[in-house]
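Step one of this worksheet: look at the structure below.
FYI, it's all coordinate maths here, none of it is from the lab. The model shown is predicted, which means the values in this text are computed figures rather than measured ones. Virtual Cβ from ideal backbone geometry, glycine too; neighbours counted across all protein chains shown.
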Amino acid sequence: MAGKACNVLITGANRGLGLEMVKQLLEMPCPNRKIFACCRDPSAPKSQGLQELAKKHPGVIHVIRLDTTDPRGVKEAAKQVGAIVGKSGLNLLVNNAAVLFNGTMQTTGVKEMQDAYNTNIIGPMLVTKEFLPYLCEAARSSGKMGMSCSRAAVINISTTLASISTVPEMFSNFPATPYRVTKAGLNMLTVCNSLEFKKDGVLFTLLHPGWVRTDMGTQAADIDAHESVRGMLRVMDSLTEKHNGAFLDYEGKPMPW
Ligand code: NDP
């Protein structure tokens, strides 16, 4: 269960849904829990809320510098985390960090497309690759059978905008072509990973958080971060091998591909 996953790592944890996830995990009792709250600039003003939280929970929250697009930085972060978790490994990795570019193809340049690709696909790929040994270690050492977020899991945060089948209904309101293309790519990566690492007992699931009032979602969105994260953590709690490679929303409903 997410609430029972001892060692949890979240990317993009300094604001938005990532920070809310850190806050709600703190409220869920789990002995010896370690939360690796990763952000690309821990000393920036935008990371101050996370730093204050970490000061109140020493030994539980570890703030780790992690720009998901920087291969050397990801390796360095993995070393730091590995030294702390030791033989218990990492139970839950949440690939949450992402960027949204709103343009259509005509208004999108090569650089924006590459940046979206780097953050939304290569980022989760690099992070998953570097942390996978710790996830496999957790799967082995947990003493648990089957698949679950309390044993070893990667949750990739996707979006309804990644659903190819709903583009005709939604495109005129939300074109966001670079975001749609790259999040659809993340969906494919996740399904491939769910098969590649099934033998290791590592669960891979995609979650859509709803349309949420964050910097990315804007104040016009449907729900607040608290409701979205409460829902996603509940869904994480319910995941089993049946959900390996699944795409669900924050209420646990299957999302259209
Ligand atoms: P925000 O824009 O509020 O926060 C994005 C987070 O990602 C920030 O912490 C940001 O860090 C981080 N980030 C971006 N690029 C990188 C990078 N290269 N390395 C490390 N961190 C990075 O977004 P949300 O909290 O709303 O979104 C969280 C997730 O939910 C995303 O995957 C998003 O696609 C998904 N989602 C959100 C929806 C919504 O309505 N809000 C709807 C559907 C999906 P920094 O502060 O340094 O920029």
| Net charge dipole size for the stretch 100-182 [Lys, Arg +1 and Asp, Glu -1 on Cβ; Debye, nearest 20] | 300
| task | Report relative contact order for the stretch 2-249 in percent, whole number only (criteria: Cα-Cα under 8 Å, sequence separation at least 6). | result | 21
| Given H placed on each backbone N at 1.01 Å, which residues far from Ala153 in sequence or on other chains put an amide H within less than 5 Å of it? | Leu92, Leu93, Leu203
| task | State the volume of the convex hull built on the alpha-carbon positions of the stretch 2-249, expressed per residue in Å³ and rounded to an integer. | result | 121
| remark: Simple SL model, points at 7 angstrom along Cα→Cβ for Asp200 and Asn118; separation in nm is 2.6
| field | Loop trypsin sites (Lys or Arg not before Pro), the stretch 92-147 (other Cβ atoms within 10 Å of the site Cβ: 15 or fewer; DSSP) | value | Lys144
| message | Treating only the Cβ of Lys, Arg, Asp and Glu as charged (+1, +1, -1, -1), what charge dipole size does the stretch 1-84 show about its Cα centre? Round to the nearest 20 debye. | response | 140
| query | For the stretch 2-249, with only Lys/Arg (+1) and Asp/Glu (-1) charged at the beta-carbon, what is the dipole magnitude about the Cα centre, in debye rounded to 20? | reply | 780
| message | Under a crude label model (7 Å from the Cα following the beta-carbon direction), how far is Thr166 from Met188 in nanometres? | response | 2.1
| GluC sites (Glu not before Pro) lying in DSSP loop within the stretch 165-257, provided at most 13 other Cβ fall within 10 Å | Glu251
| said: As I understand it, the dipole of the chain uses +1 on the Cβ of Lys and Arg and -1 on the Cβ of Asp and Glu, about the Cα centre. Which of Leu189, Thr214, Val60 lies farthest toward its positive end? | reply: Val60
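What does the helix-only formula give at 222 nm for the chain: each DSSP H stretch with n ≥ 4 adding -39500 (n - 2.57), the total divided by the residues, and the result rounded to the nearest 500 deg cm²/dmol? Show your work: numbers first, answer last.
Numbers: 8 runs with 100 residues, N = 257.
Here the helix-only value at 222 nm equals -12000 deg cm²/dmol.
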| message | At 0.36 nm per residue, and after removing the present C-alpha to C-alpha distance, how many nm does the segment from Asn173 to Asp70 gain when stretched out fully? | response | 33.8 nm
| query | Under the Karplus relation 6.51 cos²θ - 1.76 cosθ + 1.60, θ = phi - 60°, what is the ordered set of whole-Hz ³J(HN,Hα) values for the stretch 222-236, x standing for Gly and Pro? | reply | 6, 10, 8, 4, 4, 5, 4, 5, 4, x, 4, 5, 5, 4, 4
| said: A 24 angstrom limit on the alpha carbon distance is what I want to check against. Which of Lys199/Lys253; Lys87/Lys144; Lys56/Lys253; Lys111/Lys253; Lys183/Lys242; Lys144/Lys198 exceed it? | reply: Lys199/Lys253; Lys56/Lys253; Lys111/Lys253
| request: Mind computing the radius of gyration and Dmax over the alpha-carbon atoms of the stretch 34-149? Å is fine for both. | output: 16.3, 53
